[in-house]
1. Treating the Cα atoms of the stretch B:62-113 as identical point scatterers in vacuum, please give the log10 of the normalised Debye intensity I(q)/I(0) at q = 0.16, 0.19, 0.20 Å⁻¹, two decimals.
2. List the distances, in nm and shortest first, from the label point of B:Arg153 to the matching label points in every other copy, placing each point 7 Å from Cα along the Cα-to-Cβ direction.
3. Among C:Leu22, C:Leu41, C:Leu73, which one shows the biggest mean-square fluctuation in a GNM of chain C, springs joining Cα atoms closer than 10 Å?
4. If I take the rotation axis that carries chain A onto chain D, which residue of chain A has the nearest beta-carbon, and at how many angstrom?
5. Once neighbouring chains are kept in place and the probe is 1.4 Å, which whole percent of the accessible area of chain D is contributed by carbon and sulfur?
6. Calculate the dipole size of chain A relative to its Cα centre from +1 charges on Lys and Arg beta carbons and -1 charges on Asp and Glu beta carbons; express the result in debye to the nearest 20.
7. Which Rg and Dmax, in Å, describe the Cα atoms of the stretch B:1-132?
8. Which of the trypsin sites (Lys or Arg not before Pro) across the stretch B:109-178 are loop residues per DSSP, with 12 or fewer other Cβ within 10 Å?
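The values are calculated or read from the model by the stated rules, or taken from the named source; none is laboratory data. Being a predicted model, the structure only gives us computed values, none of them experimental. All Cβ positions, glycine included, derive from the backbone under ideal geometry; neighbour counts span all protein chains shown. Just the protein is used for accessible areas: all its heavy atoms, side chains included, with ligands, DNA and RNA removed. Shrake-Rupley method; radii C 1.70, N 1.55, O 1.52, S 1.80 Å.
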Number of protein chains: 4
Amino acid sequence: MLLAALRQQVLRANQEIARRGLAPHTFGNASGIDRDGPEPLVVIKPSGVDYASLTPGDLVVTNLKGEIVEGSLRPSSDLDTHTILYREFPAIGGIVHTHSEFATSWAQAGRPIPCFGTTHADYFHGPVPVTEPLTAEEVAEAYVRNTGAIIVRRFKSENLDPIAVPGVLVAGHAPFAWGKSPAEAVEHADVLEYIACLAFRTAMLRSASVPSLTSGCEIPVYVSEHHYLRKHGPKATYGQK
Amino acid sequence: MLLAALRQQVLRANQEIARRGLAPHTFGNASGIDRDGPEPLVVIKPSGVDYASLTPGDLVVTNLKGEIVEGSLRPSSDLDTHTILYREFPAIGGIVHTHSEFATSWAQAGRPIPCFGTTHADYFHGPVPVTEPLTAEEVAEAYVRNTGAIIVRRFKSENLDPIAVPGVLVAGHAPFAWGKSPAEAVEHADVLEYIACLAFRTAMLRSASVPSLTSGCEIPVYVSEHHYLRKHGPKATYGQK
Amino acid sequence: MLLAALRQQVLRANQEIARRGLAPHTFGNASGIDRDGPEPLVVIKPSGVDYASLTPGDLVVTNLKGEIVEGSLRPSSDLDTHTILYREFPAIGGIVHTHSEFATSWAQAGRPIPCFGTTHADYFHGPVPVTEPLTAEEVAEAYVRNTGAIIVRRFKSENLDPIAVPGVLVAGHAPFAWGKSPAEAVEHADVLEYIACLAFRTAMLRSASVPSLTSGCEIPVYVSEHHYLRKHGPKATYGQK
Amino acid sequence: MLLAALRQQVLRANQEIARRGLAPHTFGNASGIDRDGPEPLVVIKPSGVDYASLTPGDLVVTNLKGEIVEGSLRPSSDLDTHTILYREFPAIGGIVHTHSEFATSWAQAGRPIPCFGTTHADYFHGPVPVTEPLTAEEVAEAYVRNTGAIIVRRFKSENLDPIAVPGVLVAGHAPFAWGKSPAEAVEHADVLEYIACLAFRTAMLRSASVPSLTSGCEIPVYVSEHHYLRKHGPKATYGQK
């Protein structure tokens, strides 16, 4: 069996997708690449197989043209997106695609995730970009490959470094994340989901025009004082002390 | 030990509060009443004790004046709210107080929960009412007892039947729920939280003025068709068939 | 015992409702149909029985008129909705009713779920439809059966194929989903919940008019640069390397 | 090994961060201080180490200048924030930093959390304050130490008592919480997250201008009556009674 070690890493990355709840059902896939042999080889999840029952032998090995080199199952239907990313982003070693809740909601809203805080800045150098929608011609011609092509186009047009910006939102679809290895790719997919969650709530708070949000203590002071003092200070009556 | 069977029921109701995640830390309590003896007796959680370590013997037995009849621990700091409800609502047999997420948010917003659907209508006959805020005088005089008094006042002013409306939101505080037994009370506390969650999301959707919400398919039809047809119909390419 | 294999499938679908958290308490039910015998027979959950304690023998067998053919328990109170759907949608083999969080919120808001992305398009051919409300006459005449009737009416009026649109929102109530088998029905109920969740967040983001959402990096660049560079690049100081 | 008992407390506080889900990955840290020896000593989590694999011996002991007194691993990158807080807030004995979901969202929105209810008033005497953003000079000079300095500045400018207000939001970053011990600090971090969650939902409800929220029963009364009466009263048809 080719690439035993990489198979293990890709298997674990696929299991992590499920364990972290990043893709219900089989809405997600992970792959890894070995660039050291005579020709680069990709190990990828087979299509529509449950994460729980995956074995290393189920994984499919292809070359960068998407031709199957080893494996009896059909590869992930997203294979052509993975291979174009590996061809165009030579520094990456693993890719993870999910339909995780918050990141997918931003993708569906067609909006980049602004850098609202340091959790984001620790992992993504700038906003999480969102692609253009595909045109009808691009869908008809080669939907999956062109999904990769619009990702690459966004990175080139904004001169982004895929190592510094390790993920993207495909408009109307969902996120792709990557890294130097399959393990790093799944970590980035998970962090991207967390960033998207924080940013969703931040955006909601910022757009809420609540006068009360600026006026300090919203319950009457005589209630808040009463509550605070019954748990704290010399006259506390709460608990068993 | 008095009231062994009721102690078991009250213990289980307190454990259910924790198991269902209705009150983090010790922000909640359950009680039950035995109305059959020479004087009615209440069994209630002790104050500030972890749900996980509670035993039947830790529970405190009081009369309807709040005087301790049996027990070495201090009763829940909310005892006087429980006793006034038992005095004024003679049909109820158990009370549960929580700080559950969504119900507390409605209480903090000071808004009754409208009957948005049949999940609500199955359990609550009309909106879930919200009390008035307490006045400074009521807080100073007897905060906990007056918390019960404003609940009773709301039910009397609207002529509500506590069996048909088995819970309430205390403005700026949190929900109380009740039922014919401690088990029913905790079930109602849990259903109230679920109703509050559904109503929160319904209110958000109703207040969202999104043009897109009326225009049908938001991603281009050539994308949605492509996706639908690659999983369904004679030309499906997804999975292993 | 009639229909042993179908009983097993229906039992598992009911257990899946609970396992996936699609219906707290007993707010949900699954059924299946055998169309191969002399008369079509439906296997359905009994009313108000906990999912955890269900056994194959508890399930109730009825014909398409709703008459009990086998079983000592009362069938689900939604039986007449199931039977009308089986009569009118001859291609379906299983039905699942839930009160799942996000789908029910859309039902309560009385709004169809727009196709915001490919997760939706993979399973539903077009928006998830919502019924009209029932009239007072329809409720008085036969509430449960007419709940089925307004579903059928929506599908006929929009010329929808129940196999391509495997679910619906009943206005002010909750979702029904179906499929070729009970297993497919519960999968569709789960996917519908996920679609509804993504669409809720998408709708919220789209209706948020946050200027900040378009301006890129929201924290000062000197902060985001500092954070990015302390974890990445030659001067990284984070972790143990 | 120095400070064996404090190491145990700090270890447990770090494990609690993970167990309560307050910081995914290693986005959080806990420390404690011993003020009884010849010089005060801080025990703190090492940088970038998983909570699950932490042992007491992995923890790092430093003095209040941040100099390592015992330990072979690099201390948390947030060490200088901890030490300035210990120097300036002499009554505190433990500090916990997290990136918990809701508290971080408020920090990213740059807004203090108003006291919307008694859950808040039980723990925080007044709103949860938010710092000013750091200036470019402060970041360049000493980012981590100045993060502590802006916290201290906020408390001094508003004359806040760190024991009565046991936490803060750092604008564009995340919360810090503290207490008399590491255990109390992590309890406060957890309560702060819960308060932030309740306040988020409260703010959303308050800013929703839904006419329906004031009109009582939103589904037609003939539907809600039908549902209520089929589960309650003499003509109930639900369940097995």
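1. Calculated log10 I(q)/I(0) at the listed q: -0.63, -0.80, -0.85.
2. So the distances to the same position in the other copies read 4.6, 4.7, 6.6 nm.
3. The residue that fluctuates most here is C:Leu73.
4. For the rotation taking chain A to chain D, the closest Cβ gives A:Met204, 5.
5. Working: 4590 of 8640 Å².
The C+S portion of the solvent-accessible surface of chain D is 53 percent.
6. On the way: 21 positive and 25 negative charges, 212 e Å.
Using only the charged Cβ atoms, the result is roughly 1020 debye.
7. Spelled out, the Cα radius of gyration and Dmax of the stretch B:1-132 are 15.5, 46 Å.
8. On the way: sites: B:Arg145, B:Arg153, B:Arg154, B:Lys156; in loops: none.
Sparse-neighbourhood loop trypsin sites (Lys or Arg not before Pro): none present.
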